[in-house]
1. I'd like the orientation of helix 2-13 relative to the chain: the angle between its Cα long axis and the longest Cα principal axis, in ° from 0 to 90, rounded to 10.
2. From the Cα gyration tensor of segment 2-130, with a ≥ b ≥ c the square roots of its eigenvalues, which class applies: rounded if a/c is under 1.5, or else prolate if a/b is larger than b/c, or else oblate?
3. Mind listing the long-range amide H neighbours of L101? Cut-off is under 5 Å, sequence gap 5 or more, other chains count too, H placed in the peptide plane at 1.01 Å from N.
4. Where does each of 112-118, 52-58, 17-23 land if you order them by average Cβ count within 10 Å, highest first?
5. In a Gaussian network model over the chain where Cα atoms closer than 10 Å are linked, find which of D34, D13, D88 has the largest mean-square fluctuation.
6. Compactness ratio of segment 40-105: Cα Rg over 2.2 N^0.38 Å, N = residue count?
7. Defining a contact as two alpha carbons under 8 Å apart and six or more residues distant in sequence, what relative contact order in percent does segment 2-130 show?
8. What angle do you read, to the nearest 10 degrees and between 0 and 90, between the alpha-carbon axis of helix 72-86 and the longest principal axis of the chain?
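No lab work stands behind these numbers, since they all come straight from the coordinates. The structure displayed is predicted, hence computed values, not measured ones. Cβ sites come from the backbone with ideal geometry, for glycine too, and all protein chains shown count toward neighbours.
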Amino acid sequence: MLGVLEAVKSRFDADAELVAAFAGGFHLDEAPADAALPLLLAGVVSAQTRQTYGGGPASRVVLRLVAVGEGAASTCALADLVASKWDDATLEPHGASLRRLGGPLPRKRGTSPAGAGVWGFEIDYEFEAEG
């Protein structure tokens, strides 16, 4: 699954608008405690491999992207930006189209030192790839 996460990070790094919007950067599963907000998290929720009829293995992977920031409204707007970039996108080098399963789903993650609410908006995607 490391290759999938590397492909997700490459896609993020290649998009100047996303890089500029997420000052705290891109992190796998969790960010360092001192990371700036807003930031984007990515992780694999599930991965299943099966044999195809007359062919090789195929994988179904569910990814979760989480936009984390201060304030529900501004963080939701960042999640919407992520969705606009990722909905129906192709994940290279796998050549698999991403399909949104759900979200953005809000979850309060705590309070910043400044007293603002810290929110995470989760978006789940799936893709299937052969090989």
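1. 50
2. Prolate shape, in that a/c is at least 1.5 and a/b is the bigger ratio.
3. Placed amide hydrogens put D124, Y125, E126 under 5 Å from L101.
4. Per-residue Cβ counts within 10 Å, averaged per peptide and sorted highest first, yield 17-23, 112-118, 52-58.
5. D34
6. Values: Rg = 14.7 Å, N = 66, 2.2 N^0.38 = 10.8 Å.
That ratio works out to 1.36.
7. After rounding, I find 22 percent.
8. That helix lies at roughly 30 degrees to the long axis.
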